[in-house]
Structures are given as C-alpha cells and as structure tokens.
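Derivation of every value follows stated rules applied to the coordinates shown; laboratory data play no part. Model, not experiment: these values are computed from the prediction. Positions of Cβ are generated from backbone atoms using ideal geometry, with glycine treated the same way; all protein chains shown enter the neighbour counts.
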Amino acid sequence: MRAHTSLGYVVVMGGSVAGLLTALALSDRAEQVTVLERDRYGDGPGLRPGVPQSRHTHVLLAGGIEALDALLPGLLPELRAAGAPFLSVPGDLGVWQADGWISRRNPSAPVMTPSRPFLEHRIRERVLAVPRIAVRTGTEVTGLLGSAGRVTGVALRERGGGNGDGAGGAGDGGAGGTGTGGDGRRAEEELPAGLVVDATGRGSRTPAWLAAIGAPAPAEDVLDTGRAYATATFTGEAPPERIKGFYLVPDPGQPLGTIVLPAEDDRWMVTVSGPRDDPPPTDPEGFVDFASRLPHPAPHKWLSSAEPLTRPVGYRHTMNRRRRYERLGSGFGGLLVVGDAVCALNPVYGQGVSVAAMNAVALTRALADGRTPSVRALQRAVLRSSGFAWEVATGADNGMPSATGNALRGGPAIRLLTRYLDRLRAHVASDPVVCAANRDVLFLQAPPHTLVSSPRVLGRVLLRSPVPTPRDLPTP
C-alpha cells in the first residue's frame with residue numbers, strides 16, 4: 001500500500017547518483033519527482049561533462065553496498081553478472097600502509113569497483129523506471145524561487161543542443177515551455193515545487209542563489225590539504241600473487257599514494273596522488289614515472305608492463321567541505337541539500353558514491369513511519385549519515401603537513417589522539433583484530449570512535465608491540 005503523499009511536487013537538481021537515489025527515496029511520499037539534469041544521457045554508460053569524476057577510479061565501500069542493496073534490491077547481482085568487480089580488502093588487494101603490507105589473511109566484506117559511468121547507468125535505469133519519477137535532461141537551473149524564509153521552486157532554461165554530451169535517452173522529458181529570446185538566449189521558465197533538492201555536487205551554486213532571494217548562506221566547515229591526483233585506464237595481466245590491485249596509502253611522512261583497481265571489460269583504473277606542490281603529471285610517460293617514487297616498487301613494475309588505454313586526467317578539487325544547512329533555522333524551509341553539495345569529501349578516500357547511497361537510506365528511514373518530518377529534520381538525517389565519512393576523511397587529512405581550514409584540529413588532546421592512531425596503524429598490518437576494526441571504520445560500517453572505545457583494540461594497540469610484515473608482496 002502506497003504511503004500517504006505529503007511532500008507535494010519535488011524537484012531534484014542534478015541527475016547523477018546522489019540526485020537519482022534521493023529521487024527514489026522521496027518518491028513514495030511525493031506526488032511527482034522531477035529530476036533536472038544539465039547533460040543529456042546517452043543510451044548506455046558514457047562520460048558526461050557534468051561529472052568530472054567519471055574518468056577517475058571509483059569504489060563502492062561495504063557500507064555503500066549495504067545502502068544500495070536496501071534502496072534497489074536485486075541490483076547488486078545484476079551488477080556482478082554484468083561484470084562489476086567485487087573485491088575483498090585486503091584479501092584480494094595489496095594494501096601498503098605505515099611502511100608495510102597488510103596481511104591478506106583477514107578478508108573483508110566485499111567492495112565493488114566498476115567505473116562510474118557503468119554504475120551510474122545501471123542505477124539510472126532502475127530509478128527512472130519508477131512511475132512517479134521523471135527526468136528533464138539538457139535543462140539548466142539558473143536560480144531559486146522564494147523568499148528569505150522559504151524556497152518555492154526553481155528558475156530554469158533549456159540548454160542548447162550540440163554540447164557533446166550525447167542524445168537524450170529514455171525518459172527525457174525535454175524542457176517543454178521554454179523558448180528562445182530575441183537575443184538568441186534560451187528563455188527562462190519558473191517551476192514551482194513543494195520541495196527543492198540540491199544534488200548538484202561540489203559545484204553547487206545554492207549559497208549564491210539563497211543570497212539572491214534574501215536567505216542566509218550556510219556556515220561551512222573546511223579542511224583542505226591541496227592534494228592532487230591523476231587517473232588513467234590500462235589493460236594488462238593481473239599482478240602477481242593473485243592480487244587484483246594495489247592500494248598504497250599516503251600519510252604525513254610519506255605523501256605519495258596510488259590505487260589500482262579492476263573495472264568492467266578487463267580494464268584497470270589507476271590513480272596516483274601527491275601533495276599540492278608535487279602533483280602527478282598528466283602525460284603518459286610522466287604518469288608511469290611518478291609511480292616509480294611510491295614507497296614500494298610493485299605498482300610501478302606492473303604499470304611498466306601494462307598498456308595505457310587513455311591519457312591521464314588530473315584533478316585538484318580535493319577539499320573537505322561541509323555546509324551546515326541544518327543551522328539555517330526552524331523557520332526556513334523548502335530546500336534539502338544532499339551528496340557533495342552538502343558534504344564534499346576528499347575523493348582520494350573513495351567515499352562519495354557510498355555516502356550518496358547512505359544519504360538516501362537516511363531519508364527513506366526518516367520518512368518510513370508515515371509522518372512528515374520538517375525539512376530541517378531531513379537535513380539533519382542527511383548530515384548524520386555523512387558523519388562517519390566526514391570523520392574518516394578529515395581525521396586522515398588533519399595530520400597532513402599542508403592541511404588548512406577552520407576544521408583543522410589541534411591542541412594536546414589531538415596530539416595524543418594522533419600518536420595513538422599512528423600506533424594503531426602500525427598494528428593494522430599484522431593484527432587481525434586491529435585490522436578488522438580499522439577496516440570497518442574505513443568502509444563506513446562502524447563509527448570512528450570504536451577505534452578508541454573498544455577494549456580489545458585498545459589493549460592490543462597499547463600493550464603489544466607491532467609486528468613488521470615482509471616487504472615482498474603478501475601471499476593470500
């Protein structure tokens with residue numbers, strides 16, 4: 001039996017993963033959900049200008065897999081059958097951390113490593129099959145409607161064709177009602193809504209749009225290390241020792257890192273990263289040479305024998321930024337912000353898609369009992385669902401020498417915690433209990449405080465000496 005419709009007409013700005021899953025979460029309680037997307041969807045998986053992360057390595061963490069399975073039952077087996085790789089970490093992956101390989105004898109629940117276009121296309125097919133969800137592609141939002149106390153809709157215009165993003169796919173509702181002004185520019189249309197959702201990602205313009213209607217801008221928590229990375233796609237044989245990829249974790253004393261993961265169609269996605277003053281090159285030869293400086297030679301040796309399929313693409317927008325929309329006040333309404341638009345995390349930790357799915361699960365649960373929470377309560381639920389990931393990303397970046405921002409933490413308590421966590425990381429390589437606890441936190445299955453509140457973990461970290469692991473590639 002369908003739940004009582006009480007959200008009215010919902011408009012979702014942004015038709016990528018966060019927008020699609022949010023539309024799904026709200027659809028049972030809305031009269032209609034319309035997703036507005038600037039790009040035009042192709043008939044299958046493909047790169048889009050509006051998703052710069054499409055060219056980079058992606059991983060769906062265990063917590064994200066659980067969330068996606070709850071939202072779209074049956075999708076995971078479909079993804080596996082279509083070729084999406086599922087990996088145990090570190091069972092299937094060579095993970096180098098704190099100057100040593102982590103033992104592969106403590107396998108995790110699986111993570112999934114398809115390309116972003118592959119995953120997004122499969123999600124989009126399922127979500128847009130829901131009767132109450134429609135999409136208008138090639139449609140650009142230009143501002144918000146409303147006043148200082150409430151958002152009541154959006155202003156939009158149809159984008160011109162020929163922008164290189166492919167033809168409109170199934171479910172493309174066009175941008176009916178728009179025309180062309182006398183100067184050749186597309187005419188604007190006003191679209192009223194009971195709820196407007198911002199899922200436009202890191203480039204969200206909502207703070208400026210709020211200012212334009214007299215509403216306050218949200219406060220921001222910021223932590224930035226200036227980290228840079230580059231990604232290229234390769235084909236080649238699997239690494240030795242039945243390893244299905246590498247993850248070399250950077251830290252304050254060793255700032256270079258890499259992640260090498262299989263994707264669908266026998267491809268390998270390779271990302272290398274470094275600090276702001278030592279970014280990875282984006283020419284093919286320089287990209288491979290950069291990997292020779294990693295703390296272990298295994299990834300570079302593998303790369304040297306692999307065949308590149310794409311040129312490296314760089315990325316530098318790695319700031320952690322959390323916008324506090326839940327603090328705009330109980331009198332403000334009509335706007336909900338999700339995904340990277342509200343909590344953008346350093347992409348090198350691979351949390352973004354997982355957090356988008358967890359945001360949507362949080363909304364589903366908040367609406368499950370038939371009552372209609374305030375938009376402020378929904379915003380708080382989204383923020384809470386991003387909390388573990390925020391603590392993990394900012395906790396890791398806080399110790400980097402180049403870290404700046406108002407979320408940077410210091411003082412005696414933080415220095416003591418940092419010393420403890422350094423000692424904990426030294427135990428991860430060989431201690432199965434510490435390894436499992438640390439992995440559950442990184443995979444968004446346990447809160448970070450468990451690393452300091454678990455008596456078993458505390459005892460092993462404080463009372464035992466870490467055992468070094470061999471520098472040779474770890475066997476299963």
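Excluding P279 itself, what net charge comes from residues whose Cβ is under 10 Å from its Cβ, given Lys and Arg +1 and Asp and Glu -1?
Combined, the nearby Lys, Arg, Asp and Glu give +1.
State the volume of the convex hull built on the alpha-carbon positions of segment 347-396, expressed per residue in Å³ and rounded to an integer. Write down the numbers at each step before the final one.
Working: hull volume 3.0 nm³, N = 50.
It comes to 61 Å³ per residue, whole-number rounded.
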(message) I want to check the label-to-label distance for R316 and A82. Put each point 7 Å from Cα in the C-beta direction and report it in nm to one decimal.
(response) 3.5
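Fully extended, how many nm does the chain gain between S454 and D265 (0.36 nm per residue separation, minus their Cα-Cα distance)?
Details: separation 189, 0.36 × 189 = 68.04 nm, distance 4.18 nm.
Contour length minus Cα-Cα distance gives 63.9 nm.
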(message) Could you work out [θ]222 nm for the chain from helices alone, using -39500 (n - 2.57) per DSSP H run of at least four and dividing by all its residues? Round to the nearest 500 deg cm²/dmol.
(response) -9000 deg cm²/dmol
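If you stretched the chain out fully between D472 and R205, how much longer would it get, using 0.36 nm times the residue separation minus the C-alpha to C-alpha distance?
Details: separation 267, 0.36 × 267 = 96.12 nm, distance 4.87 nm.
Extra length from D472 to R205 when fully extended: 91.3 nm.
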(request) Please give the peptides 333-345, 113-125, 130-142 ranked by average Cβ packing (other Cβ atoms within 10 Å per residue), highest first, as a rough proxy for protection. (result) 333-345, 113-125, 130-142
(message) Over segment 185-315, what is the relative contact order in percent, taking alpha-carbon pairs closer than 8 angstrom and at least six residues apart?
(response) 26
(request) Give me the number: length gained by fully extending E241 to Y9, i.e. 0.36 nm times residue separation minus the C-alpha to C-alpha distance, one decimal in nm. (result) 78.0 nm
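What is the Å³ per residue value for the convex hull set by the Cα atoms of the chain?
Numbers: hull volume 73.2 nm³, N = 476.
Dividing the Cα hull volume of the chain by its residue count gives 154 Å³.
Quote the Stokes-Einstein diffusion coefficient, in whole µm² s⁻¹, for segment 273-411, based on the Kirkwood radius over alpha carbon pairs, a temperature of 10 °C and a viscosity of 1.306 mPa s. Could the numbers behind the result be given before it?
Values: Rh = 17.9 Å.
Approximately 89 µm²/s, per Stokes-Einstein.
Given a Förster radius of 35 Å and the C-beta distance between R150 and V130 as r, what FRET efficiency does 1/(1 + (r/R0)^6) yield to the nearest 0.05?
My answer for the efficiency is 0.80.
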(request) Report the label-to-label distance for I213 and S304 in nanometres (one decimal), using points 7 Å from each Cα along the Cα→Cβ vector. (result) 5.9
(request) Rounding to the nearest 20 debye, state how big the charge dipole of segment 198-312 is about its Cα centre with +1 on each Lys and Arg Cβ and -1 on each Asp and Glu Cβ. (result) 60
